[in-house]
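What follows draws every value from the coordinates through simple rules; no lab data is involved. Because the structure is predicted, anything quoted here is derived from the model rather than measured. Every residue, glycine among them, receives a Cβ derived from its backbone with ideal geometry; neighbour counts consider all protein chains shown.
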Amino acid sequence: GDSVTQTEGQVALSEEDFLTIHCNYSASGYPALFWYVQYPGEGPQFLFRASRDKEKGSSRGFEATYDKGTTSFHLRKASVQESDSAVYYCALGTNTGKLTFGDGTVLTVKP
Amino acid sequence: GALVYQYPRRTICKSGTSMRMECQAVGFQATSVAWYRQSPQKTFELIALSTVNSAIKYEQNFTQEKFPISHPNLSFSSMTVLNAYLEDRGLYLCGAAGTGKDTQYFGPGTRLLVL
């Protein structure tokens, strides 16, 4: 079945550090790939998506590039802020309408 | 923009009783609504996917008899947790997507506590 693997369960950074959260997927065909962010007490917020090989999605300074060769969609940000502290989820979607989520990565940014 | 509301935000029920939660989409037509349960460990379980004018598809380990869902129009869906027990505790999220779209927009969730 479809699956998403996020390598890092927790990431701790200081402000202005560079962020990478690794996301790899397993699915047949060309799934759509998503990044969501969840703040305490809220539901997941859609960040961006990509659906084709080499397509880049971006929002709020975060970006990720769909790589079918390595089955990856790694999240990056050049300079994180304390307000970026949250849980980040990579997800894949198929034409069935379902989303399959990774286990999430807790990002903590210290001032 | 696309907004999704959920009611109530938090509810407590006695073991063996039932509770109903609602999901409302504003600013777009919610052709499909997916209901999830998020565990304390923050992982997501898909309960069912509902598409207007189509049968509701339940995932393995979830049944209509336990989690009946209604999706009567393009802005509203509800789900009931029947005969709730401790293992039903968690944050219930609805994710709504528009016609021909695969991006789901989520509400803040309904947190269910069972005593």
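What percent does the relative contact order of region A:10-111 come to when contacts are Cα pairs within less than 8 Å and at least six residues apart?
Computed value for region A:10-111: 37 percent relative contact order.
Quantify how much of the Cα-Cα distance distribution of region B:1-42 extends past 13 Å, in percent.
Pairs farther apart than 13 Å: 68 percent.
Nearest 5 is fine: what % of DSSP beta bridges in the protein assembly as shown come out antiparallel, could you say?
If we restrict to bridges inside the protein assembly as shown, about 90 percent are antiparallel.
So the label point goes 7 Å from the Cα of A:SER51 along Cα→C-beta, right? Which residues of region B:69-110 then have their backbone N under 11 Å from it?
B:100-103
Which of the cysteines found in the protein assembly as shown have nothing to pair with, since no other Cys Cβ lies under 4.7 Å from theirs?
Here B:CYS13 come out as lacking a disulfide-compatible partner, given the Cβ-Cβ threshold of under 4.7 Å.
Give me the percent relative contact order of region B:10-99, please, defined on Cα pairs under 8 angstrom at least 6 residues apart.
On the way: 172 pairs, mean separation 38.9, N = 90.
It rounds to 43 percent for region B:10-99.
With springs only between Cα atoms under 10 Å, which of A:THR96, A:THR20, A:THR70 fluctuates most in a Gaussian network model of chain A?
A:THR96
So if I take the alpha carbon set of the protein assembly as shown, get Rg, then get Rh from the Kirkwood formula, what is the Rg over Rh ratio?
Values: Rg = 17.5 Å, Rh = 18.0 Å.
When Rh is taken as the Kirkwood radius, the ratio is 0.97.
Out of region B:33-112, which GluC sites (Glu not before Pro) are coil in DSSP terms and have no more than 14 other C-beta atoms within 10 Å?
B:GLU65
Inside 10 Å of the C-beta atoms of A:43-55, what's the mean count of C-beta atoms belonging to other chains?
Mean inter-chain Cβ contacts per residue within 10 Å come to 3.
On a C-alpha basis, how far is the centre of region A:91-111 from the centre of region B:87-103 in Å? Whole number, if you could?
Taking the Cα centre of region B:87-103 as reference, the centre of region A:91-111 is 13 Å away.
Just report the Cα centroid separation between region A:1-66 and region B:1-76, whole Å.
Distance between centres, Cα-based: 24 Å.
What are the principal axis extents of the Cα atoms in chain B, in Å, biggest first?
Over chain B, Cα extents along the principal axes are 40, 26, 24 Å.
log10 I(q)/I(0), Debye, Cα-only region A:1-91, no solvent, q = 0.15, 0.22 Å⁻¹?
Each listed q corresponds, in turn, to -0.54, -1.13.
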